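The structure appears below as structure tokens.
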Amino acid sequence: MRDTITITDDRTGKTVTVPIEGGVFSSSALRELDPSLFMYDPAFMSTAACKSEITYLDGGAGILRYRGYPIEQLAEHSTYLEVAYLLLHGDLPSTDQLATWRNDVTHHTFIHENMRKRFVDGFHYDAHPMGMFISSIAALGTFYDGAKNIQNEASRRKQILRLIAKTPTLAAMAYRFSIGQPFNYPDNDLSYPANFLNMMWKVGPHYEVDPALERAMEVLFILHADHEQNCGTTAMRVVGSSHVDPYSSAAAAAAALYGPRHGGANEAVVRMLSEIGSIENVPAFVESVKAGDGRLMGFGHRVYKNYDPRATIIKKAAYDVFDVTGKNPLLDIALALEDVALKDPYFIDRKLYPNVDFYSGLIYQALGFPVDMFTVLFAIPRTVGWLAHWQELLADPDQKISRPRQWYSGPGERSYVAIADR
Ligand code: SDX
């Protein structure tokens, strides 16, 4: 069997044969047949828009690997900063490399005082933290003139360090603003997750981070770090392909993540569970979804047609958190919902399983985060995924500015009609 595909244009009898490599074939085959022919593929359901070495998914088997390392092993043994290094550099760091990396990130956690004292005050008192987060990332870029120098490796590294280091600070700033409490400065003696929890919760001179909760945040950050060509990362690549600075691209990626179909789902799941209200209401809710009245948020995935491996890990991590915080009362409703859905042909036939967002919100809520902070908690760790794809894009000789074609289905030529004659 040859690893090729042959396409015949029946209008001309012309055929073209192209190799199949890595499960893809080049669409240049079409241009060989007829330069005016395009494939119609809304939402890129069957399109590989790039070549990438960063993350591998097998949707049927429920496999997720960062640079070849299984997510289960990284969640058990690694830290977020070590995973961030892996995603950006391609290999796990040595002891010295990790120490330098941690030091570099830690010394970029502060933001300009004008961000804290002037920019953030422009928001309304009840602004959604995710809207503030998105705006703050774009605004951050205006403080760094070198950000536009994307062809310079040293400048790219500096911006990457700044974005990874400052997103927890921006997130905590958005939260503290929303509750009218003073901001907490970063504490560079703490780990990445502990520093974030410190900036979020410290009231008074000291905040004691519970090791179990610090580890839970670390695992959640690891699990959310990257996920190949999801909607937000695709936005990062499309906007980045215009060669704009990485802050503007990351703001676009965060904006895509904000949507309820994407990273906004963790917030939607907890709101859904709260609306269901009790285990007794689960069957009726499931029937309403099957009748087309809304979706089971936290279920389904474009790639995973099996269990999202992150959902399995998060579900286990939830119990570690609940040992400290007490069980989230919504957990029983979530478990009942999962049990009913996984036995129902409607969900089985559509291969709908819990995804990363189904249980994560229960942990965030148990940790004390308000629901409108949940997507921000997704965006913080995903920043390194966006940046890893951004730098891969810039280094890829195949890549140009993203500019897809279209299937024009509008009217043919017609002449202007004066308003008196319309
Ligand atoms: C994330 O891409 C990534 O990698 C994303 C992510 C990441 O790490 O970046 O993994 C993070 O975004 C996870 C997904 C979070 N979103 C949700 O939980 C929202 C609820 N799920 C969906 O809306 C949906 O499942 C999507 C958006 C996740 C995927 O949608 P697809 O692949 O476009 O599938 P579809 O909308 O075409 O649905 C196929 C069928 C439809 O039924 P029919 O029209 O064929 O009868 O499945 C049904 C849909 O109605 N369906 C659901 C459903 N999801 C799909 N029905 C009920 N509940 C659901 N959740």
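What follows is calculated from the coordinates using simple rules that are stated; it is not laboratory data. Bear in mind that the values here come from a model prediction, so they are computed numbers and not experimental data. All Cβ positions, glycine included, derive from the backbone under ideal geometry; neighbour counts span all protein chains shown.
Subtract the Cα-Cα distance of Asp332 and Leu394 from 0.36 nm times their separation in residues, and report this length gain in nm to one decimal. Walk me through the intermediate numbers first.
Values: separation 62, 0.36 × 62 = 22.32 nm, distance 4.63 nm.
Going from the current span to full extension adds 17.7 nm.
Going through segment 44-119, which GluC sites (Glu not before Pro) have at most 15 other Cβ atoms within 10 Å and a DSSP loop state?
Numbers: sites: Glu53, Glu72, Glu76, Glu82, Glu113; in loops: Glu53.
Answer in residue order: Glu53.
Kirkwood hydrodynamic radius, the chain, all distinct C-alpha pairs: what's the number in Å?
23.4
Grab the Cα-Cα distance for Met1 and Arg157, subtract it from 0.36 nm times how many residues apart they are, and report the gain in nm with one decimal.
Residue separation times 0.36 nm, minus the Cα-Cα distance, leaves 51.6 nm.
Which lysines, on any chain, are close to Lys315 with Cα under 20 Å apart, when same-chain ones fewer than 8 places away are left out?
Qualifying lysines at Cα under 20 Å: Lys305, Lys327, Lys343, Lys351.
Compute the acute angle (0 to 90°) between the alpha-carbon long axis of helix 192-201 and the principal axis of greatest extent of the alpha-carbon atoms of the chain; round to the nearest 10°.
That helix lies at roughly 60 degrees to the long axis.
What do you get for the angle between helix 374-395 and the principal long axis of the chain? Use alpha-carbon atoms, 0 to 90 degrees, nearest ten.
Between helix and principal axis, roughly 50 degrees.
Under 5 Å between amide H atoms, partner at least 5 residues away or on a different chain: which partners does Ile5 have, H built in plane at 1.01 Å?
Result for Ile5 returns Val18, Ile20.
Taking segment 231-315, which trypsin sites (Lys or Arg not before Pro) meet the DSSP loop condition and have no more than 12 other C-beta atoms within 10 Å?
Details: sites: Arg237, Arg261, Arg271, Lys290, Arg295, Arg302, Lys305, Arg310, Lys315; in loops: Arg261, Arg295, Arg302, Lys305.
Sites meeting the loop and neighbour criteria: none at all.
Tell me, what is the percent relative contact order of the chain, built from C-alpha pairs under 8 Å that lie six or more residues apart?
Numbers: 570 pairs, mean separation 83.4, N = 422.
In percent, rounded to a whole number, it is 20.
Any chance you could check the Cα centroid distance between segment 280-319 and segment 252-268 for me, in angstrom?
When both Cα centres are located, 16 Å separates them.
Which whole-angstrom value gives the distance between the alpha carbon centres of segment 191-236 and segment 60-92?
16
Counting pairs of alpha carbon atoms under 8 Å apart in space and at least six apart in sequence, what relative contact order in percent does segment 1-143 give? Write out the running numbers ahead of the final one.
Details: 93 pairs, mean separation 12.9, N = 143.
This gives 9 percent for segment 1-143.
Need the full-extension length gain, Ile401 to Val16, defined as separation in residues times 0.36 nm minus the C-alpha distance. One decimal, nm. Walk me through the numbers on the way to the answer.
Working: separation 385, 0.36 × 385 = 138.60 nm, distance 2.68 nm.
That works out to 135.9 nm of additional length.
For an R0 of 51 angstrom, estimate the FRET efficiency from the Cβ-Cβ distance between Arg118 and Ser27 and round to the nearest 0.05. List each step's numbers first, then the result.
Details: r = 48 Å, r/R0 = 0.95.
With R0 = 51 Å, the Cβ-Cβ based efficiency is 0.60.
Straight-line reach only, C-alpha to C-alpha below 19 angstrom: list the lysines that Lys400 could link to, leaving out same-chain residues fewer than 8 apart.
Lys51, Lys148
In whole angstrom, note down how far apart the Cα centers of segment 117-174 and segment 362-397 are.
14
May I ask you to derive the FRET efficiency for Ala61 and Ser415 from their Cβ-Cβ distance with R0 = 60 Å, giving the value to the nearest 0.05?
Values: r = 58 Å, r/R0 = 0.97.
Once rounded, the FRET efficiency stands at 0.55.
Would you report the distance distribution of C-alpha pairs in segment 272-335 as whole percents per 5 angstrom bin, up to the bin with the largest distance?
Percent of Cα pairs in each bin: 4, 14, 20, 21, 22, 14, 5, 1.
Would you please give the residues with an amide H less than 5 Å from that of Leu296, counting only those at least 5 places away or on a separate chain, with H modeled from the backbone geometry?
The answer is none.
For segment 266-276, in order, what is each residue's ³J(HN,Hα) by Karplus, 6.51 cos²θ - 1.76 cosθ + 1.60 with θ = phi - 60°, in whole Hz (x at glycine and Pro)?
5, 5, 5, 5, 5, 5, 5, 4, 5, 5, 4
Rounded to two decimals, what ratio of Rg to Rh does segment 114-245 give with C-alpha atoms and a Kirkwood Rh? Let's see the in-between values first.
On the way: Rg = 16.1 Å, Rh = 16.4 Å.
For segment 114-245, the value is 0.98.
Working from Cα positions, state the angle (0 to 90°, nearest 10) between the long axis of helix 80-89 and the longest principal axis of the chain.
30
Which value, in debye to the nearest 20, gives the size of the charge dipole of the chain about its Cα centre, when Lys and Arg are +1 and Asp and Glu are -1 at the Cβ? Walk me through the intermediate numbers first.
On the way: 40 positive and 49 negative charges, 204 e Å.
Result for the chain is approximately 980 debye, rounded to the nearest 20.
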